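Everything below concerns the one structure shown next.
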Amino acid sequence: MAIKTKGNKSKIKQYNFSWRKIKDKVLLTNEFGHYIILKNEEFKSFIDGKLSNKSKTWEELQVRGFLNNYMDFGDLCQRWQKKNSFIYAGPGLHIFVVTLRCNHKCVYCQSGAVGKEKNNMDMSWDMAKKSVNMAFSSTNKNITIEFQGGEPLLNWDVVKKTIEYARNKEKSGDKKLFLAIVTNFSKMDKEKADYLLKNEVSICTSLDGPEKLHNKNRIFHEGNSYKITKKWIKYFKDKHDAQKNEKYRIFKPSALLTVSRSSLNSFKEIIDEYVDSGFESLFIRALSPIGYARAAWKTIGYNSAEFLDFYRKSLDYIISLNKKGVKIKEKGAELLLRKILKAEDPGFLDLRCPCGATIGQVAYNYNGELYTCDEGRMVGWEGDRFFKIGDIEKSEYKDIINSSISKGCAISSNLDNQPMCNRCAYKPWCGVCPVINYELQKTPWGNMISNYRCELYMGIFDYIFELLTKEKESEILKSWVEE
Amino acid sequence: MEFKSKVSSKVYSLEALKLASYILENWNYSLKEKGPIVEISVKGNNPDIGYKELLNEALNQQCRIDLFKTNSKIANLITTKALLSALGEES
């Protein structure tokens, strides 16, 4: 909730903040991304104008930019700029959907994958080449090309040619290139693995928990998805751990957890599985009700309260493992903590203001269609091309930035334009998703008062700040962003 | 079926009512401002529900209009900067 500063006749008119109750305390935040947690009595005396200007709390409020008459604009603006550095950059993430074919049939698949036997579902080399050229037209100095699908290894030739072409393009230009592939490993072999390693492609897969749960979510008729995933995670992790003087960097493999209804009672087993696999972090992400997942929501989905209960239990368990000396952190919390504690932009495009649609990322579909983001592409696959920003055969880079939907997403995801967000204590670090708004509320603007995603993030922020009020837990959370 | 009513334009501005009527696709609305009054006509199935939906959505739109009046400068500045950065042009 925000305190009005203009035209307010009470003594608090000189203060500039939003606030929210956190258990028996009050959280105050401001535009610069500073926060302070006050006891109820302190908060009351602060808003009553009775807080002594010689108290430590007054001093902290002053340093953090909560007192309008005592603001160091040099420092505060620098912090704001650091926190929002992405608005000066341009699209850095370029998602190449090199095929829509997949040999898995995951119960929650949001990507609109089709069977591996289908024709005309692969990106051609000509199209991939044009897509690389488009990506390198971006104003961003750091370009990440992420191969996705479907299962990208089903279009290996194009993946390989694209890697070579992009690496050569990097050499002749002034941009730094990062490459990543999201794969289920089912088509991985040593030749492909070594090629990816030598070309510094970071590897990301899906691991949904123990064997039974993973295989229940990620249906694979040609083998045991869990065993294949574990085998290749170990392969890439061993390569990473053993690297010495290679001419190339080997990145640690990472995995994504998708929480379906079946996962809700298995938080311990899932986290133990990640620890057992040698991961030092896991990302507890809620399902997005878009694409196929939306149609199957009754069987695989949950409400925000159910997910938040799972999230809180998971975070508690992770912290209890940390207390025992186990090195494991929750990636979502880490991303938020980087924003909250360090005023950094961790490159998480879902929580930006404006959101990452086109100005932070572009999705290149297998057939040449260009979308604001991968979520926008999934809506397109359902037959609604609302988030389409161009076509690789016809559009120039400037056309896609200038497209009305790119501008529309930037305007509608600006929190200063959102009635509830504008007053929210979590505004300095949050962001809305026009695609999810569109899917659930039929408008990219959304309506936050009844918004599923808003409820999720509100609950996650609440719990993180609750933990930050506890000494030992706060110490552990802070250590996650100190490395 | 048709439902007719009048509302005060001080509570429900014509602009907010118009925006709301564009959003609600299930009914046909006719809006006429006469001094401090807006005359509303709703056509379609259950037009009384369409009328209530219109007033609810109009409040939502009014809230956004009011917010735009106070925040549009900063919001436009941030959005324009982000778009121009992506285009490689100076703001």
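The values are calculated or read from the model by the stated rules, or taken from the named source; none is laboratory data. Everything numeric in this text was worked out from a predicted model, so none of it was measured. Every residue, glycine among them, receives a Cβ derived from its backbone with ideal geometry; neighbour counts consider all protein chains shown. These accessible areas exclude ligands, DNA and RNA; they are computed on the full protein's heavy atoms, side chains included. Shrake-Rupley method; radii C 1.70, N 1.55, O 1.52, S 1.80 Å.
Here are the numbers for this structure:
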| item | result |
| --- | --- |
| Carbon plus sulfur fraction of accessible area for chain B, probe 1.4 Å, in percent | 52 percent |
| Mean Cβ count within 10 Å, highest first, over the residues of peptides A:266-273, A:299-306 | A:266-273, A:299-306 |
| The stretch A:381-473, relative contact order in percent, only Cα pairs under 8 angstrom and at least six apart counted | 17 percent |
| Gain upon complete extension [A:LYS161, A:ARG249; 0.36 nm per residue less C-alpha separation] | 29.7 nm |
| Anisotropy class of chain A from Cα gyration tensor, a/c 1.5 cut | prolate |
| Average accessible surface area per residue within chain A, 1.4 Å rolling probe, Å² | 43 Å² |
| Area buried, chain B against chain A - accessible surface, total, 1.4 angstrom probe, square angstrom | 1900 Å² |
| Solitary cysteines of chain A, where the nearest other Cys Cβ is not under 4.7 Å | A:CYS77, A:CYS102, A:CYS204, A:CYS353, A:CYS355, A:CYS373, A:CYS409, A:CYS421, A:CYS424, A:CYS430, A:CYS433, A:CYS454 |
| Computed FRET value (nearest 0.05) for A:PHE386 with B:ASN26, which takes r as the C-beta separation and R₀ as 22 Å | 0.65 |
| Which of A:ASN414, A:ASN303, A:GLN62, positive extreme of dipole for chain A (C-beta unit charges) | A:GLN62 |
| Max mean-square fluctuation residue, GNM over chain B, Cα-Cα springs under 10 Å, options B:ASN28, B:ASN71, B:ASN60 | B:ASN71 |
| Efficiency of FRET from Cβ geometry, B:GLU39 and A:LYS231, R₀ 60 Å, rounded to 0.05 | 0.25 |
| Violating pairs (Cα-Cα greater than 23 angstrom) within the set A:LYS82/A:LYS239; A:LYS442/B:LYS6; A:LYS130/A:LYS161; A:LYS105/A:LYS231; A:LYS237/A:LYS339 | A:LYS82/A:LYS239; A:LYS442/B:LYS6; A:LYS237/A:LYS339 |
| Full-extension gain in nm, A:LYS472 to A:ASN224, via 0.36 nm per residue minus C-alpha separation | 85.2 nm |
| Shielding by other protein chains, B:64-75, mean Cβ within 10 Å | 4 |
| Peptides ranked, highest mean first, by Cβ atoms within 10 Å: ranges A:250-259, A:224-233 | A:250-259, A:224-233 |
| Percent RCO, i.e. relative contact order, over the stretch A:425-481, from Cα pairs under 8 Å lying at least 6 residues apart | 21 percent |
| Chain A: relative contact order as a whole-number percent, Cα under 8 Å and 6+ apart | 16 percent |
| Inter-site label distance for A:ASN168 and A:GLU482 at 7 Å from Cα along Cβ, in nm | 4.8 nm |
| Under 14 Å from the Cα of B:LYS43 - aspartates and glutamates, other chains or at least 8 residues apart | B:GLU2, B:GLU25, B:GLU53 |
| Principal axis dimensions, the stretch A:158-227 - Cα atoms, whole angstrom, descending | 48, 21, 17 |
| Modelled FRET efficiency - R0 30 Å, A:GLU117 with A:TRP297, Cβ distances, 0.05 increments | 0.60 |
| Anchor B:LYS81: aspartates and glutamates whose Cα lies under 20 Å away (excluding residues fewer than 8 positions away in-chain) | A:GLU31, A:GLU344, A:ASP345, A:ASP350, A:ASP399, A:ASP416, B:GLU89, B:GLU90 |
| If the convex hull is drawn through the Cα atoms of the stretch A:229-372, its volume per residue in Å³ | 190 Å³ |
| Principal axes of the stretch A:194-314: Cα extent on each, largest first, Å | 50, 32, 24 |
| Proximal lysines relative to A:LYS234, as straight alpha-carbon distance under 20 Å, when same-chain residues fewer than 8 apart are discounted | A:LYS187, A:LYS190, A:LYS192, A:LYS198, A:LYS212, A:LYS244, A:LYS252, A:LYS327, A:LYS329 |
| Filtered trypsin sites (Lys or Arg not before Pro), the stretch A:341-396: DSSP coil and at most 11 other beta carbons within 10 Å | A:LYS394 |
| Entries of A:LYS23/A:LYS324; A:LYS171/A:LYS247; A:LYS331/A:LYS427 with Cα pairs more than 18 Å apart | A:LYS23/A:LYS324; A:LYS331/A:LYS427 |
| The stretch A:333-483, accessible surface, carbon-and-sulfur percent (1.4 angstrom probe) | 48 percent |
